[in-house]
Amino acid sequence: MNPALTKFGAQMSKLTGVRAIMKDINETLRAGKGQELMNLSAGNPLILPEVEQLWRDCTAELLASPEYGEVVCRYGYSKGYSPLIEAVTKDFNKRYGLELNERNILITPGSQTLYFYAANVFGGYTTSGELKQIVFPLSPDYTGYGGVSLAPEALFAYKPTLDIDTTAHRFKYRPDFSKLSITEKTGCVLFSRPCNPTGNVVTEEEVNKIASIAAQSDVPVLIDSAYAPPFPALNYTNMTPTFGENILHCMSLSKAGLPGERVGIAIGSEKLIDALECFQANVSLHSSRYGQAIAARAIDSGKLAHISENVIRPFYKNKFTVLETTLESAMPNDLPWFLHLGEGAIFAWIWLQDLPISDWEFYQQLKKVGLIVVPGNSFFPGLREEWQHKNQCFRVSLTGSDEEIKTGMQRFAKVAEEVYRNATVAA
């Protein structure tokens, strides 16, 4: 059967961003079965024993409780499971000095779903036919944003400024406020903090400035906090989540060890939450109540925040240190390579300035030596201007073993040296 697809059907049935690249990666892994291939492309968090045990314990508590039948065998409230909403409200009010109530919280089937709701509630075409932009204030950012809008022409990203330390081979992206425009033509603003793929943490001052500009036109600001404190707390620099009347704080429990249950949490003003709740009621009724029920126990007990700070964060921070020290010893000092400051998330972001070949061609060269990383060009959704930088970057996952990361970065350095050297000889 070959059914005719609508405009939306054709758009949503396409693989976008990293998902398209993952098809090639999966085919490479299947074709290379039996040979040594270090896959440092994954975004799937590792299963850490202490984290798995927490979810086992919470599951055992749920199974033994009289509420099990109510949780699993009945539909629920579209806003979310009440004990989870209460746990989040109590935790955040105490931790951050807020005055949240149940009207400020929405539980969604993962944060990706939350961005889909928001992008199409606040962005896209109005009833009068006006296009409201979905603005990414600095690029690169999460590749998944490229597929969230039913009106892809609404996506608009801004180039960042770059702080570059040539001696240390480090750099950091920052919002370019001289270019950033948020007006009545903007539907919403969206960015991740800490950032997937770069590990960048937008400063509190920068967040407040973005939110202040947006507030002048009543534009909501969505902060993707999938890696932020208090859970999973994958920040390696000091940061505090930012809240405000026009800020929608968007969380996920995926990197806190619960990706299979798809639990997203939105915290914001009642008006923002109400609009998203109506969308959810029409699309999916509510998120998995089993996942919500065990999450409520983990948060209310304080165990999830404790494990995030004392197990999850140090584990991945150490992985970044392994990658960083290996690159420093393996990469020739005279090559123009730069590692983004490791401020959070579970990835490293490498920029090879003036790379003689494209990131896709370099990715193919890496595969020949048994290393798989993700070429960076798919992490610039909504960026419309030409920028060679887009084809010079690579995302490296910190989910490999220490030895895989060491060997992988040594191979990365060797290929980089050969590519630059061959270009010099050819010239």
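The values are calculated or read from the model by the stated rules, or taken from the named source; none is laboratory data. Owing to the predicted nature of the structure, the values given are computational and were not obtained by experimental measurement. When we count neighbours, we look across all protein chains shown, and the Cβ atoms used for this are built from the backbone with ideal geometry, even at glycine. Only protein heavy atoms, including side chains, enter the accessible area calculation; ligands, DNA and RNA are left aside. Shrake-Rupley method; radii C 1.70, N 1.55, O 1.52, S 1.80 Å.
General observations
- Qualifying position, being under 23 Å from GLU418 (Cα atoms) and not small (Gly, Ala, Ser), among LEU355, LEU304, LEU341: LEU355
- Verdict on LYS79 being in a helix (DSSP H, G or I), basic (Lys, Arg) and over 30 Å from ALA157 (Cβ atoms): no
- Residue within the stretch 274-285 that is open to solvent by less than 40 Å² (accessible area, probe 1.4 Å), charged (D, E, K, R) and either out of contact with any helix residue (DSSP H, G or I) (no Cβ under 8 Å at 6 or more places or on another chain) or modelled with pLDDT under 95 (or both) present: yes
- In the set PHE394, PHE412, PHE379, only one residue is touching a Cys at 6+ places or on another chain (Cβ under 8 Å) and open to solvent by less than 50 Å² (accessible area, probe 1.4 Å); that residue is PHE379.
- Evaluated against (1) under 23 Å from PRO241 (Cβ atoms); (2) out of contact with any Phe, Trp or Tyr (no Cβ under 6 Å at 6 or more places or on another chain); (3) in a loop (DSSP other than H, G, I, E, B), ILE223 falls short on exactly one condition, (3).
- Residues of the stretch 50-68 that are over 12 Å from ALA298 (Cβ atoms) and either without any contact (Cβ under 8 Å) to a residue 60 or more places away in the chain or of a type in the set (Phe, Trp, Tyr) (or both): ALA60, LEU63, ALA64, SER65, PRO66, TYR68.
- Verdict on THR237 being in a helix (DSSP H, G or I) and either more than 21 Å from PRO83 (Cα to Cα) or touching a residue at least 60 places away in the same chain (Cβ under 8 Å) (or both): no
- Failed condition for ASP163, given (1) part of a helix (DSSP H, G or I); (2) surrounded by fewer than 21 Cβ atoms within 10 Å (Cβ to Cβ); (3) modelled with pLDDT of 95 or more: (1)
- Residues of the stretch 257-269 that are modelled with pLDDT under 95, touching a helix residue (DSSP H, G or I) at 6+ places or on another chain (Cβ under 9 Å) and either over 23 Å from SER78 (Cβ atoms) or not in a loop (DSSP other than H, G, I, E, B) (or both): GLY257, GLY260, GLU261.
- Unique match (being within 30 Å of PRO137 (Cβ to Cβ), part of a strand (DSSP E or B), touching a helix residue (DSSP H, G or I) at 6+ places or on another chain (Cβ under 9 Å) and not polar (S, T, N, Q)) among LEU327, LEU339: LEU339
- Of all the residues in the stretch 29-41, those that are open to solvent by less than 30 Å² (accessible area, probe 1.4 Å) and at pLDDT 75 or above number 3.
- Matching option when the condition is over 19 Å from the mean Cα position of the chain (by Cα) and within 30 Å of SER308 (Cα to Cα), among ILE372, ILE346: ILE372
- Sub-6 Å Cβ pairs linking a first residue in the stretch 78-98 that is without any contact (Cβ under 8 Å) to a residue 24 or more places away in the chain to a second residue that is acidic (Asp, Glu), at least 6 apart or interchain, are ILE85/GLU102, ordered by first then second residue.
- Residues located in the stretch 415-427, provided they are in a helix (DSSP H, G or I) and either open to solvent by 30 Å² or more (accessible area, probe 1.4 Å) or touching a His at 6+ places or on another chain (Cβ under 7 Å) (or both): GLU417, GLU418, ARG421, ASN422, ALA423, THR424, VAL425, ALA426
- Verdict on GLU204 being over 30 Å from LYS7 (Cβ atoms) and either crowded, with 21+ Cβ neighbours inside 10 Å or not hydroxyl-bearing (Ser, Thr, Tyr) (or both): yes
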